[in-house]
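Here is the structure we will look at, set down as structure tokens.
The values are calculated or read from the model by the stated rules, or taken from the named source; none is laboratory data. These figures come from a predicted structure and were not determined experimentally. Reconstructed Cβ throughout: ideal geometry from the backbone, glycine too, with neighbour counts over all protein chains shown. Accessible surface is based on the protein model in full, side chains and every heavy atom, while ligands, DNA and RNA are left aside. Shrake-Rupley method; radii C 1.70, N 1.55, O 1.52, S 1.80 Å.
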Amino acid sequence: MTVSNATHVTLRNVGFNLSGNFTCEVTADAPSFYTGVATNVLTVVDIVRIRYLFYMAGFLFNIDGGYLEGLCRGFKSSILKQSDYLNLVQCETLDDLKLQLQSTHYGAFLANETSPLTVSTIDEKLRETLLVEFRYLRNQAVQPLAGFLDFITYSYMIDNTILLITGTLHEHPVPDLIAKCNPLGRFEQMESINMAFAPADLYNAILIDTPLAPFFVDCMSGQNIDDLDIEVLRNKLYKAYLQAFYNFCKKIGGTTANVMCEILAFEADRRAINITINALGTTLPKEDYVRLYPCCGRLFPDGLIALGCATEYEQVRSVASRYPEYGALFEDPNHPDGRSLEEKFFVHEANLHVRSFMQQFHFGVFYSYLKLKEQEFRNIVWIAECIAQNHRSRIENYISLF
């Protein structure tokens with residue numbers, strides 16, 4: 001017991017026959033007396049053999065994935081630092097911002113854009129730079145990395161599909177909607193999505209031939225949909241997507257599974273918490289939004305059951321407080337940092353992605369790089385919006401990554 005602590009228990013003189021399922025049960029003090037139970041597999045291993053297998057795993061990984069992983073780590077070194085942001089927030093106009101960005105790795109990506117420069121143009125060009133990098137990685141990849149990179153694009157396809165369904169429902173011009181779609185999630189059938197509004201028709205006529213088809217199986221309905229139905233559809237698709245991606249990463253195994261399952265578990269928990277908070281005070285029945293919870297996060301199953309019983313924000317906060325990494329996100333909103341819950345989620349997510357680069361020989365760096373770049377784009381667009389609207393009091397409310 002002298003080498004054990006609050007999170008780790010050290011066992012001495014164990015044999016290989018001790019391997020098996022172990023259950024840990026912890027009961028809180030009064031007044032809640034909440035009992036948490038966790039079960040996992042304990043495997044007794046030979047450290048010398050494990051080290052040998054680790055080195056062999058790295059060698060085998062590098063045969064097909066080493067070059068691209070190294071390239072991705074090189075891309076990561078170009079992400080803007082705090083010193084870059086300090087220069088950006090000093091800009092007085094968007095043209096000044098353009099000149100300042102030219103001194104970073106972005107270079108002259110806005111060279112062909114004439115004044116007056118708009119925030120939407122900056123956002124569009126930023127995404128195009130990421131598309132070029134991602135396409136190169138995908139074109140050079142072989143399985144299973146190729147399948148992993150394809151899975152990354154499915155979330156953008158879902159967002160584009162929902163954007164097009166919402167836009168056509170409100171009779172917005174399809175060319176304008178296509179222009180707003182994320183280039184990482186483009187697919188051939190996008191322009192045909194306005195042909196049908198009912199999910200069943202949409203699936204049978206268009207989406208059945210896309211990679212999104214497996215996620216739509218449990219979302220089909222023969223009725224036309226309104227804005228609330230579209231939001232429910234989005235969450236159903238993301239639930240199916242996150243669970244499929246989680247299982248895909250577990251199947252790959254190794255460090256990829258360890259890193260990605262932690263990241264995807266957080267994403268699943270964040271969606272469950274947000275769904276609950278957004279459903280409070282609405283007419284959406286509890287039975288309907290509980291079915292939208294992804295079942296691959298740390299909250300599954302006990303935390304999700306408790307979330308489903310929450311009827312007010314404080315109860316959601318109480319459930320989150322049972323998990324140290326989430327409880328800290330629900331601190332007093334009057335805290336000096338002044339960040340909203342959504343912004344705190346973004347900060348926690350960014351920290352997970354930064355941490356994924358601290359391990360080697362895994363696919364998680366590709367996913368983390370894209371997500372860190374997305375946060376960088378949000379930072380730049382936020383600064384650009386503050387400059388364009390002359391709202392400089394909040395211009396420093398970006399999330400610095402390094």
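Overview of results
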| read-out | value |
| --- | --- |
| Verdict on Arg378 being farther than 30 Å from Glu287 by Cα, at pLDDT 90 or above and in contact with a Phe, Trp or Tyr (Cβ under 9 Å, 6 or more places away or on another chain) | yes |
| Subset of segment 343-402 (residues that are surrounded by fewer than 18 Cβ atoms within 10 Å (Cβ to Cβ) and of a type in the set (Gly, Ala, Ser)) | Ala388, Ser393, Ser400 |
| Subset of segment 278-287 [in a helix (DSSP H, G or I) and surrounded by fewer than 16 Cβ atoms within 10 Å (Cβ to Cβ)] | Asn278, Lys286, Glu287 |
| Enumeration of residues in segment 288-318 that are open to solvent by 40 Å² or more (accessible area, probe 1.4 Å), assigned to a helix (DSSP H, G or I) and within 26 Å of Phe245 (Cβ to Cβ) | Asp288, Val290, Asp302, Ile305 |
| Pick from segment 137-158, criterion free of Cβ contacts under 8 Å to residues at least 60 places away in the same chain and in contact with a helix residue (DSSP H, G or I) (Cβ under 9 Å, 6 or more places away or on another chain), ranking: surrounded by the most Cβ atoms within 10 Å (Cβ to Cβ) | Met157 |
| Condition check for Phe54: of a type in the set (Phe, Trp, Tyr) and either surrounded by 12 or more Cβ atoms within 10 Å (Cβ to Cβ) or at pLDDT 90 or above (or both) | yes |
| Among residues of segment 159-182, those that are open to solvent by 20 Å² or more (accessible area, probe 1.4 Å) and either touching a helix residue (DSSP H, G or I) at 6+ places or on another chain (Cβ under 9 Å) or hydroxyl-bearing (Ser, Thr, Tyr) (or both), counted | 14 |
| Where a residue in segment 206-231 is more than 18 Å from Asp288 (Cα to Cα) and its partner, wherever it lies, is modelled with pLDDT of 75 or more and part of a loop (DSSP other than H, G, I, E, B), with Cβ under 6 Å and at least six apart | Thr210/Phe187 |
| Of all residues in segment 120-136 being closer than 13 Å to Ile380 by Cα and aliphatic (A, V, I, L, M), the one that is surrounded by the most Cβ atoms within 10 Å (Cβ to Cβ) | Ile122 |
| Boolean, Phe187 is under 26 Å from the mean Cα position of the chain (by Cα), touching a residue at least 60 places away in the same chain (Cβ under 8 Å) and either surrounded by 13 or more Cβ atoms within 10 Å (Cβ to Cβ) or more than 23 Å from Ser77 (Cβ to Cβ) (or both) | no |
| Selection status of Leu117, in contact with a helix residue (DSSP H, G or I) (Cβ under 7 Å, 6 or more places away or on another chain) and closer than 20 Å to Arg378 by Cβ | yes |
| Filter result (under 18 Å from the mean Cα position of the chain (by Cα), of a type outside the set (Ser, Thr, Tyr) and within 21 Å of Gly65 (Cα to Cα)) within segment 146-169 | Gly147, Phe148, Leu149, Asp150, Phe151, Ile152 |
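Residues checked against (1) in a helix (DSSP H, G or I); (2) in contact (Cβ under 8 Å) with a residue 24 or more places away in the chain; (3) aliphatic (A, V, I, L, M):
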{"residue": "Gln360", "(1), (2), (3)": "no, yes, no"}
{"residue": "Phe366", "(1), (2), (3)": "yes, yes, no"}
{"residue": "Tyr369", "(1), (2), (3)": "yes, yes, no"}
{"residue": "Gln375", "(1), (2), (3)": "yes, yes, no"}
{"residue": "Trp382", "(1), (2), (3)": "yes, no, no"}
{"residue": "Ile387", "(1), (2), (3)": "yes, yes, yes"}
